[in-house]
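Worksheet for the structure shown next.
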Amino acid sequence: MQSIIAFIVVFGSIVFFHELGHFIFAKRSGILVREFAIGFGPKILGITKGETLYTIRLLPLGGYVRMAGDDMDNIELQPGYRIGMQLNDKDEIEKIVLNQNKQLPDMLFLEVEKADLQKELWIEGYDEDENLVRYDVARDAVINENGTETIIAPYDRQFNSKSLGKRAMTIFAGPLFNFILSCIIFIVIGLVQGIPTNEPVIADVVKGSPAQAAGIVKGDVVTAINGKSIDSWQELSEAIQNSPKKEMTLDVQRGGEKERIVLTPKEVVVNEQKMGQIGVQYSSPMEKNPLKAFSYGVEQTYTWTMKIFELLGMLVTGKFTLDALSGPVGIYKATEEVAKYGWTNVMNWAAILSINLGIMNLLPLPALDGGRLLFFGFEAIRGKPIDRQKEGMVHFVGIMLLMILMIVVTWNDIQRFFF
């Protein structure tokens, strides 16, 4: 149960933040957002607030923000349609009822001749007395079809009506919010747990090692090497590794007194490289400082972003194969393992996954945010958008390929973890 809760919290949080980025920037751009969904498939829970439906769906494999102007979004009233209408106090149509023969209070009926529900917002047709009449349509009018109500989307509220910059930022905001979430999580970890000071403090000494033979003890603070002052464990470690079988002098602080220790690192071979080793262990003291926690969050986000890009490079060059990739099953099993070591480790794992989701979505592949941004780049170069049907076909093919990849990766996960 702990593993399931951890997986839901981790995966749900990074998906929610990703879609929240799209949602906020769509709203700021004046785009009508029809649905904010976590998950795919059948709806489990749905709440309508304002003009947006907020849903949780059955398959927790992602989410989406459905904006006005998407494919299959617009409803067109064809000549000959018989519709019911309800008017507001300005004699504008505020409700259009389709497939309804039952007379409702204050409802007028009209046989449609012409209609424009996007730009000029009007409907023209024949009333019950066979007179040709025309009505204006309210900007917030709803269409009721078989009991389901949908707000109309005037063209200026649709995604494709917005400037290239606003559209690009709306799409880019999803991955951007994943990086922001990661930064926030690392900052919280720094505030709660503290951040490592990276001081060159000896946490323990290995028995029979050169360090023990030279007299180094637990708690010693190394202040200088061969007369050159140091202030980080990294400097100490690099100096030792670069000095196999070479005598060196360490100045240490011990209980308020200074000691000078002479020793010679032994030589070890790691990945066919000769390195020095003296047999000491490191455990950095933790410091709680709000300003340092903020810089720690930014630094960790940057560090892990670079590491994930390195792994992507290895995948492209063939150093990794598809067998090394993990899907939802692999993420669940990894989360299950991480959860054994406490919620701090779960938070760290969530931050890394959030960065990973942000980077994956920025890849210039069809159906991903990066693929859509690539088309926006082409639009900027050409000075006009690419045909929507052609772009839609490319994204459709991309979705199919991603689904195949997901099936392959999931099957690999099942084979790896259960067989």
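Every test in (1) without any contact (Cβ under 8 Å) to a residue 40 or more places away in the chain; (2) over 20 Å from Val15 (Cα atoms); (3) open to solvent by 60 Å² or more (accessible area, probe 1.4 Å); (4) not aromatic (Phe, Trp, Tyr) is passed by Arg388 save one, and that test is (1). Filtering region 236-250 to residues that are open to solvent by less than 70 Å² (accessible area, probe 1.4 Å) and within 20 Å of Pro285 (Cα to Cα) leaves Leu236, Ser237.
Could we say that Leu236 is among the hydrophobic types (A, V, I, L, M, F, W, C) and under 12 Å from Glu199 (Cα atoms) here? It is true that Leu236 is among the hydrophobic types (A, V, I, L, M, F, W, C) and under 12 Å from Glu199 (Cα atoms).
Close Cβ contacts (under 7 Å, 6 or more residues apart or on different chains) running from residues in region 82-98 that are open to solvent by 30 Å² or more (accessible area, probe 1.4 Å) to residues that are in a strand (DSSP E or B) and of a type in the set (D, E, K, R) comprise Arg82/Glu111; Gln86/Glu94; Gln86/Lys95; Leu87/Glu94; Asn88/Glu94; Glu92/Asp136.
Assuming Ser237 fulfils every condition listed in (1) under 28 Å from Gly190 (Cβ atoms); (2) touching a strand residue (DSSP E or B) at 6+ places or on another chain (Cβ under 9 Å); (3) free of Cβ contacts under 8 Å to residues at least 40 places away in the same chain apart from one, which condition is it? Exception for Ser237: condition (3). Just to be sure before I move on: is Ala380 assigned to a loop (DSSP other than H, G, I, E, B) and either open to solvent by 50 Å² or more (accessible area, probe 1.4 Å) or within 21 Å of Phe11 (Cβ to Cβ) (or both) in the structure I sent? It is false that Ala380 is assigned to a loop (DSSP other than H, G, I, E, B) and either open to solvent by 50 Å² or more (accessible area, probe 1.4 Å) or within 21 Å of Phe11 (Cβ to Cβ) (or both). Counted as qualifying within region 54-163 are the strands (runs of 3 or more DSSP E) with 1 or more residues that are at pLDDT below 90 and closer than 25 Å to Phe40 by Cβ, namely 132-145, 148-151.
Candidates are the residues of region 209-235 that are assigned to a loop (DSSP other than H, G, I, E, B) and open to solvent by 70 Å² or more (accessible area, probe 1.4 Å); the one that is farthest from Ala350 (Cα to Cα) is Asn226. Within region 265-291, the residues that satisfy the criterion of being among the charged types (D, E, K, R) and open to solvent by 90 Å² or more (accessible area, probe 1.4 Å) are Lys266, Glu272, Lys274, Lys288. Of the residues Gly392, Gly318, the single one that is farther than 30 Å from Gly194 by Cα and not in a helix (DSSP H, G or I) is Gly318. Part of a strand (DSSP E or B), small (Gly, Ala, Ser) and more than 18 Å from Ile352 (Cα to Cα), is that true of Gly39? Spelling it out, Gly39 is indeed part of a strand (DSSP E or B), small (Gly, Ala, Ser) and more than 18 Å from Ile352 (Cα to Cα). Out of the residues in region 344-358 that are farther than 17 Å from Leu61 by Cα and touching a residue at least 12 places away in the same chain (Cβ under 8 Å), which is surrounded by the most Cβ atoms within 10 Å (Cβ to Cβ)? Result: Ala351. Please give the number of the condition Lys114 fails out of (1) open to solvent by less than 60 Å² (accessible area, probe 1.4 Å); (2) in contact with a Pro (Cβ under 8 Å, 6 or more places away or on another chain). If we test Lys114 against (1) open to solvent by less than 60 Å² (accessible area, probe 1.4 Å); (2) in contact with a Pro (Cβ under 8 Å, 6 or more places away or on another chain), just (1) comes out false.
Listed here are the residues, each with its yes/no results for (1) open to solvent by 50 Å² or more (accessible area, probe 1.4 Å); (2) under 30 Å from Glu391 (Cβ atoms); (3) of a type outside the set (Val, Ile, Thr).
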position: Glu128; (1), (2), (3): yes, no, yes
position: Arg134; (1), (2), (3): yes, no, yes
position: Arg139; (1), (2), (3): yes, yes, yes
position: Val142; (1), (2), (3): no, yes, no
position: Ile152; (1), (2), (3): no, yes, no
position: Asp156; (1), (2), (3): yes, yes, yes
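Of all residues in region 292-314, those that are at pLDDT 90 or above have Cβ atoms under 6 Å from Cβ atoms of residues that are among the hydrophobic types (A, V, I, L, M, F, W, C) and open to solvent by 70 Å² or more (accessible area, probe 1.4 Å), 6 or more apart or on another chain, in Ala293/Leu191.
Pairs meeting the criteria (first residue in region 32-58 and farther than 20 Å from Gly69 by Cα and open to solvent by 10 Å² or more (accessible area, probe 1.4 Å), second residue in a loop (DSSP other than H, G, I, E, B) and charged (D, E, K, R), beta carbons under 8 Å, at least 6 apart or on different chains) are lacking. Out of the residues in region 59-81 that are aliphatic (A, V, I, L, M) and farther than 30 Å from Glu124 by Cα, which is surrounded by the fewest Cβ atoms within 10 Å (Cβ to Cβ)? Once the filter is applied, the top-ranked residue is Leu59.
Residue by residue, here is whether (1) assigned to a strand (DSSP E or B); (2) acidic (Asp, Glu); (3) within 11 Å of Ala211 (Cβ to Cβ) holds:
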{"residue": "Ile240", "(1), (2), (3)": "no, no, yes"}
{"residue": "Ser243", "(1), (2), (3)": "no, no, no"}
{"residue": "Lys246", "(1), (2), (3)": "no, no, no"}
{"residue": "Asp251", "(1), (2), (3)": "yes, yes, no"}
{"residue": "Arg260", "(1), (2), (3)": "yes, no, no"}
{"residue": "Val268", "(1), (2), (3)": "yes, no, no"}
{"residue": "Gly276", "(1), (2), (3)": "yes, no, no"}
{"residue": "Gln281", "(1), (2), (3)": "yes, no, yes"}
{"residue": "Ser284", "(1), (2), (3)": "no, no, no"}
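The values are calculated or read from the model by the stated rules, or taken from the named source; none is laboratory data. These figures come from a predicted structure and were not determined experimentally. No Cβ is skipped: glycine too gets one built from the backbone with ideal geometry, and neighbour counts run over all protein chains shown. The area values use the complete protein model at the heavy-atom level, side chains included, leaving out ligands, DNA and RNA. Shrake-Rupley method; radii C 1.70, N 1.55, O 1.52, S 1.80 Å.
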